[in-house]
Each structure stands twice: as C-alpha cells, then as structure tokens.
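For reference, the structure is listed below as structure tokens.
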Amino acid sequence: MTQALILAAGQGTRLRPLTDDKPKCLVHLVGKSLLERQANTLRQSDVEHIHIATGYRRDQIESLGFNTSFNPRFADTNMVETLFSAIDYLKQCAEQNEDLVIAYGDIIYQRENLDALLRCDDEIALMIDAKWKDLWRLRLENPLEDAETLVMDNNGYVTELGKKPDNYERIQGQYTGLIKIRAARITSFIAFYQQLERSRLYDGKDFNNMYMTSFLQLLIDSGWKAKAVTVQNGWLEVDTVEDLTLYETMAKQGTLDRFYRLES
C-alpha cells in the first residue's frame, strides 16, 4: 500500500489576490481546487490515505476533513521544514511498512503519471518531465529563466538537480515536485534529515529555508539512488496568477489537454 503527504503550508504570494484569504492549494482551476484535483487522482490510483502538511490558513484545509500536520513557522521556513513538520506521520508510514508519495500542493498530474511513479520500486523515485520545455515556453518568454538542471546517468538515476543552468545541455528533464519513498527507507530518510548540520548554508539558504532540490541532492551525494520516472507532460504547476489565467484560457479553447486533461 501507499500513502500520500501533500505539502501545502506556503502563503502563495505570487497568486495574490487569490490567496489573500485561502491557501495556495485551494485556488480553483476550472471549477475545482488544486487540492481536490490532486486528491482525486491519488484516490483513483488507490492511494486513499492522504495527509496534508499545513501552514497558512490551515483552518480551511482542516475543515475539509483531511488528517493534517502543522508547520507553525510556515511564514519563515521552506518546504523541507514543512515536510518534516509531519515527522510523526512519516514515522507512522514506516511503522505500517507503506510507501510514501510526497507531493507539492501547487501541482496536479494525470493518473498515468502517478501510476508510473507508484510502479517504481527504487528507494526514491522522482517524476521527471522530459517534455518540460513545451510547457515552459507557454509560461515564460525564456524557459531558462525558471528551469533547473536535471542530469541522469546511463541507468536513469538522477545525479544532479536544482541548480541554475547556463544552457540546455544539463537539463534532461524537469523535476515536477512529485516524489515516492520506499517504505523500508523512510526511517533512514528521517535519520538523514536529523543529522544535517543546522548552522551551515545549503545552496545559499539557511537550514530552515533549504530547497527541496537541495535536500534531494544531499541524499544523492551521500549515495541514495534517485530513479527518474520520466513522463511526457501530463501535469501542471500553478505558481502565479499568469499560470492560472493561461491554463483557464487554454481549457476554454480546448488546447489544455496536450499538457493536462481536466476531469469534469
């Protein structure tokens, strides 16, 4: 069995004014919130136990009936801190010997992409979009501005991610914010985090504001094997009001299906 942890603590400042009174994951795309769309996809793939790591306007998520953890420092910390604010839940998954999907709260994805991730039995699996440039070109005039490096070895394991690229050569895909940890490795995953030095900088950020990609890179550099589960589009990130407007317009025009098929 597999459980899911959705990271939804951020304030979503780039989605204001839509997030003035709601968390980012409750912003609607064509009539349904991002959280509802993501939860529906997880349940379609028999991932029934969905836990939310909350922060900003946690009351609105709690009122939906999800089991939750709370990052009380959501305004001053980053996603890794939110992930481990749910450490008791992580330990529960390990005790129950269940794999864990970790997902950003501002993404949605097709069921077939999720199923490909669920089938991967490596200790860490990362959903990687090989056709990322198609989507980035719609969202940005220069895709390199917001892209990050992603390098894989000949066996499809990620060796580098999350750095600022100077060119496209070191971008073999884009990490999408969807991770799976094998049940037997969750305890070690927690232990790795707990032994990290709190006083150093990680890619220029202090410990509390470490990027998720920095944490994943640390795992990889220490010998963890992160398998790239490669997909061809089939997901969306909603980071700005401009993103949302673009997707809504494409949905009305009937052109969004190339990137993400909306359920009715």
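The values are calculated or read from the model by the stated rules, or taken from the named source; none is laboratory data. All values derive from a computational prediction rather than experimental measurement. Cβ coordinates were reconstructed from backbone atoms using ideal geometry, including for glycine residues, and neighbour counts include every protein chain displayed. Surface areas here come from the heavy atoms of the whole protein model, side chains and all, with no ligands, DNA or RNA. Shrake-Rupley method; radii C 1.70, N 1.55, O 1.52, S 1.80 Å.
Points to keep in mind about this one:
- Residue in segment 151-165 that is in contact with a Pro (Cβ under 6 Å, 6 or more places away or on another chain) and of a type in the set (Lys, Arg) present: no
- Among (1) open to solvent by less than 30 Å² (accessible area, probe 1.4 Å); (2) outside any loop (DSSP other than H, G, I, E, B); (3) in contact (Cβ under 8 Å) with a residue 24 or more places away in the chain - the single one Val151 does not satisfy: (3)
- With respect to being within 23 Å of Tyr175 (Cα to Cα) and among the charged types (D, E, K, R), Arg43 fits the description.
- Qualifying positions in segment 44-87 - more than 23 Å from Ser214 (Cβ to Cβ) and aromatic (Phe, Trp, Tyr): Phe66, Phe70
- Test for Thr255: is it closer than 30 Å to Phe192 by Cα and touching a helix residue (DSSP H, G or I) at 6+ places or on another chain (Cβ under 9 Å): no
- Test: residue in segment 136-147 that is part of a loop (DSSP other than H, G, I, E, B) and crowded, with 17+ Cβ neighbours inside 10 Å: yes
- Enumeration of residues in segment 183-234 that are hydroxyl-bearing (Ser, Thr, Tyr), within 26 Å of Met1 (Cα to Cα) and out of contact with any strand residue (DSSP E or B) (no Cβ under 6 Å at 6 or more places or on another chain): Thr187, Ser188, Tyr193
- Elements of type helices (runs of 4 or more DSSP H) contained in segment 185-264, each with 3 or more residues being over 18 Å from the mean Cα position of the chain (by Cα): 186-194, 241-253
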